[in-house]
Structure formats: structure tokens, C-alpha cells
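The values are calculated or read from the model by the stated rules, or taken from the named source; none is laboratory data. If you're wondering where the values come from, they're calculated on a predicted model, not measured in any experiment. All Cβ positions, even for glycine, are placed from backbone atoms using ideal geometry, and neighbour counts span all protein chains on display.
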Amino acid sequence: QVQLVESGGGLVQPGGSLRLSCAASGIIFRAYVMGWFRQAPGKQRELVARISIGGSTNYADSVKGRFTISRDNAENTVALQMNSLKPEDTAVYYCNTDPTIRAYWGQGTQVTVSS
């Protein structure tokens, strides 16, 4: 059974930082491109960052220079370091493969950026 479990969200002030983590089980993690996605209230889920099997990264324009995605194939984890957070980063954050697999969506982790 595949499980992707996100953690690390919380409430942070504008300009602050958070580090999200996603632990994967039940898949050959190193064989997948992984992504972090987010969904804000009333909006569609969007790709925030992806990391290839070899470690190449891509970011949405809205987070370039502020977020960093990384992976640890030995630990089957993918992380998202988020710096200089803005109120518009408020959303539920999810990890999944890229392209996504519907059955792999987890509960996500809530990130709220507010003063």
C-alpha cells in the first residue's frame, strides 16, 4: 500500500520560514519524479516544485528564489524548504509523484502565513 505522509506545516508570520517533509512508503521512491503541490481555498491545486530522479529541480514562478525542494532516496523523503513566506502561500501542501497518481494523494499539511 502506497502512503505519502506530509508534515511540517503550521502558522508563520510573513517573511518567516517552514520546512515541509513528505515520507513515502510502498513505492520504489528513487524511480519517481516527485513534486510538491498546494491548494488554496477556492483555487485549483497547483504544482509548486518538482525534483527529478537525478535531482534536477523546477519551480513555479511564484516561489522561485524562495522555496527549495530536495530529496533523500535513502530515506524515501522529499522536503520543501520555504523561506520569505507570503500570505499568498497559505494553502494545504501535498506531495505526489509527477505526473500525479490519484491514489497517492495524502491528507496534506496546512501552511498559514499571517500576522
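Data overview
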read-out	value
Residues (surrounded by fewer than 17 Cβ atoms within 10 Å (Cβ to Cβ) and either more than 15 Å from the chain's Cα centre (by Cα) or among the hydrophobic types (A, V, I, L, M, F, W, C) (or both)) located in segment 87-115	Pro87, Glu88, Ile101, Arg102, Ala103, Trp105, Ser114, Ser115
Filtered residues of segment 69-96 (kept if over 16 Å from Gln39 (Cα atoms) and either touching a Cys at 6+ places or on another chain (Cβ under 8 Å) or assigned to a strand (DSSP E or B) (or both))	Ile69, Ser70, Arg71, Asp72, Thr77, Val78, Ala79, Gln81
Residue that is farther than 20 Å from Gln3 by Cα, surrounded by fewer than 21 Cβ atoms within 10 Å (Cβ to Cβ) and at pLDDT 95 or above, where the choices are Ser84, Ser52	Ser84
